[in-house]
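One structure is given below, encoded as structure tokens.
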Amino acid sequence: MANIEARGSCLCGAVALETTDLGPDAGACHCDICRKWGGGPLFALSCGDDLRIEGEDKISLFDSTAWAERGFCSVCGTHLFIRVKPNGRYILAAGLFPVEHELRFDHQIFIDKKPGFYSFAEETKNLTGAEVFAEHTKDAD
């Protein structure tokens, strides 16, 4: 599957995100922070280095860990992204983009933190928290 050109926005439209490099591989994060942030796993996409943001003055940032910050619309509260500090990579909330038919659910991260009350039918690549950290820190070197 090729990467996707997409434009999405928060609920109120105050923030818009646009990229020509949206990865088609959707993942679910089961970490404690994502589940607390959104009430369940975060479904997310990567966008390479090509991200344009309109309405940056309407984005509030939360420094959620030593390695990442989260951005959300300060008007409507929509979750927009996680920015990984070591490499500057953005991980975007999948629901922002009207391209559902072009996506495939192929990975889950922090699988060791997933609670037992839900599961997904798809066969996916599964990474523990330690494997995720190892993956992100190797890119920063």
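The values are calculated or read from the model by the stated rules, or taken from the named source; none is laboratory data. What you see is a predicted model, and the numbers here were worked out from it, not measured in a lab. Note: ideal-geometry Cβ built from the backbone for every residue, glycine included; neighbour counts use all protein chains shown.
The set of residues from the stretch 53-91 being closer than 13 Å to A16 by Cα, part of a strand (DSSP E or B) and basic (K, R) is empty.
Is the stretch 114-121 home to any residue that is in a loop (DSSP other than H, G, I, E, B), out of contact with any Lys or Arg (no Cβ under 7 Å at 6 or more places or on another chain) and under 21 Å from A14 (Cβ atoms)?
As a first pass, look at the stretch 114-121 and keep what is in a loop (DSSP other than H, G, I, E, B): 114-121.
Narrowing further to those that are out of contact with any Lys or Arg (no Cβ under 7 Å at 6 or more places or on another chain): 114-121.
With under 21 Å from A14 (Cβ atoms) added as a condition, the list becomes none.
No, the conditions are met nowhere in the stretch 114-121.
The lone criterion from (1) touching a Gly at 6+ places or on another chain (Cβ under 9 Å); (2) not in a loop (DSSP other than H, G, I, E, B) left unmet by A6 is number (1).
Quick grid of which residues meet (1) out of contact with any helix residue (DSSP H, G or I) (no Cβ under 7 Å at 6 or more places or on another chain); (2) at pLDDT 90 or above; (3) on the phi > 0 side of the Ramachandran plot:
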| residue | (1), (2), (3) |
| --- | --- |
| P98 | yes, yes, no |
| H101 | yes, no, no |
| H107 | yes, yes, no |
| I111 | yes, yes, no |
| K114 | yes, yes, no |
| F117 | yes, yes, no |
| L127 | no, yes, no |
| E135 | yes, no, no |
| D141 | yes, no, no |
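Return the total of residues in the stretch 31-58 being buried (at least 16 other Cβ atoms within 10 Å of the Cβ), modelled with pLDDT under 95, over 30 Å from F117 (Cβ atoms) and among the small types (G, A, S). Adding up the residues that qualify gives 0.
Do you know which of the residues in the stretch 11-30 that are more than 18 Å from G129 (Cα to Cα) and in contact with a Lys or Arg (Cβ under 8 Å, 6 or more places away or on another chain) is surrounded by the most Cβ atoms within 10 Å (Cβ to Cβ)? So that I can check it myself, show each step before the final result.
Taking the stretch 11-30 as the starting set, the residues that turn out to be more than 18 Å from G129 (Cα to Cα) are 11-25.
With in contact with a Lys or Arg (Cβ under 8 Å, 6 or more places away or on another chain) added as a condition, the list becomes 14-19, 24-25.
Numbers: A14: 17, V15: 26, A16: 16, L17: 24, E18: 17, T19: 24, P24: 15, D25: 17.
Across the stretch 11-30, the extreme among qualifying residues is V15.
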